[in-house]
Amino acid sequence: MQPFSIRHSKALLEQRIRVSMKDRLRVRLWMTIQKYNEGYWYQPDTSDNWSSQTNHLEQTEGKLKRLLGLPELRSRAAEEAVGIEGYFMKGYPSCALEVTEQFTEELATYGDSGKENAARFQAEVNEAMIDFECAWRLSDGRFFQIDTEFFHGEIVQKGEDVLREKGFEGAHDEFRESREDLSDGKTKDVILKAFKSFESTLKTVTNKQSGDVSDLLRLFREDGFLDDISEAQAKAMGKQVLASIATLRNELAGHGQGNAILEVPRPYAVLALHLAGSLNQFIVAQYLRKATMTPKTSGPTEKSQ
């Protein structure tokens, strides 16, 4: 995974991303990291029996130095911002996010209980963010900026969770990238990737890897995923509601905009992300409802394209 400062380098440089963090929040996050930091023995060279002692924080520092291309962790924010603790506590606020992300990845990849430990750590990090009114949340090991707690919890986060948990990996990746592009201020990319996420979800459910969104929505209806309402209502739903994100894509980010709009205002990008979260939840819910009614003959067994 790319470190936070590399992933969002341009947005940080242009100050489209501004990370702020209270001192007490930093202290709490650092103490949370120490709480989950465990020592262990490992074998650097599998060809001999020599082993060495290390811990999650030490491994985090080593991997972060390599990924950042730095001989030692150092932030220009302050002279004492050196080493992993100084980088976290005295560096730019984004440095603290960077260390936290890499530490989460280190936790997740260690041992049989790694993913469970990472999930608990992530929950405690987000609890701290809420308590100190910081507008960043850790999800799937990556930080993203939120606008409101409601949309984060009820639409964006649930939209991502349902894709990740139900086997819609391709759509999940596109949705996560859309969310990150929103943090970067890449509003056109937000809309394009949000639409791609919705399209991938439809492709997985209908077991089709080609066709435009109109064809996919028609197949979605003909395959019986809207059979809990009348045929006339289902047709209207497909054309007027489910296709709404396609309108955003065509008019503001795709081939329908011409040269009239050079930059898409942020509210439309937010709308696209929230639409994708809600529509993806609906598509998956209808798929699961149908799956409980009929014998399973096909499903999202592979990554959607």
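Kindly indicate whether Ser9 is closer than 30 Å to Thr187 by Cα, touching a helix residue (DSSP H, G or I) at 6+ places or on another chain (Cβ under 7 Å) and not assigned by TED's automatic domain parsing to the domain that holds Glu177. Working first, answer last.
Details: closer than 30 Å to Thr187 by Cα: yes; touching a helix residue (DSSP H, G or I) at 6+ places or on another chain (Cβ under 7 Å): no; not assigned by TED's automatic domain parsing to the domain that holds Glu177: yes.
No: the conditions fail for Ser9.
Do we have Ala128 as modelled with pLDDT of 90 or more, small (Gly, Ala, Ser), under 15 Å from the mean Cα position of the chain (by Cα) and farther than 16 Å from Leu64 by Cα here? Taking the combined requirement at face value, the residue does not satisfy it. Does Ala123 count as touching a helix residue (DSSP H, G or I) at 6+ places or on another chain (Cβ under 9 Å) and either exposed (fewer than 15 other Cβ atoms within 10 Å of the Cβ) or under 27 Å from His172 (Cα atoms) (or both)? When the stated conditions are applied, Ala123 does not pass them.
Checking each residue of the stretch 202-210 against the condition of being surrounded by fewer than 18 Cβ atoms within 10 Å (Cβ to Cβ) and closer than 20 Å to Ile146 by Cβ gives no match. Here Ala236 meets the list (1) of a type in the set (Gly, Ala, Ser); (2) surrounded by fewer than 17 Cβ atoms within 10 Å (Cβ to Cβ); (3) closer than 26 Å to Arg176 by Cα almost entirely, failing just condition (3). Listed by position, the helices (runs of 4 or more DSSP H) enclosed by the stretch 59-146 that each have at least 3 residues that are of a type outside the set (Ser, Thr, Tyr), in contact with an Asp or Glu (Cβ under 6 Å, 6 or more places away or on another chain) and closer than 19 Å to Met21 by Cα are 83-90. Output yes when any residue across the stretch 55-76 is in the same structural domain as Asp140 (by TED's automatic domain parsing), touching a Ser or Thr at 6+ places or on another chain (Cβ under 8 Å) and farther than 19 Å from Phe143 by Cβ, and no when none is. Within the stretch 55-76, not a single residue is in the same structural domain as Asp140 (by TED's automatic domain parsing), touching a Ser or Thr at 6+ places or on another chain (Cβ under 8 Å) and farther than 19 Å from Phe143 by Cβ. Filtered by the rule that a residue be modelled with pLDDT of 90 or more and of a type in the set (A, V, I, L, M), the stretch 154-212 gives Val190, Ile191, Leu192, Ala194, Leu202.
The values are calculated or read from the model by the stated rules, or taken from the named source; none is laboratory data. If you're wondering where the values come from, they're calculated on a predicted model, not measured in any experiment. Note that we place each Cβ from the backbone using ideal geometry, even for glycine, and neighbour counts take in every protein chain shown.
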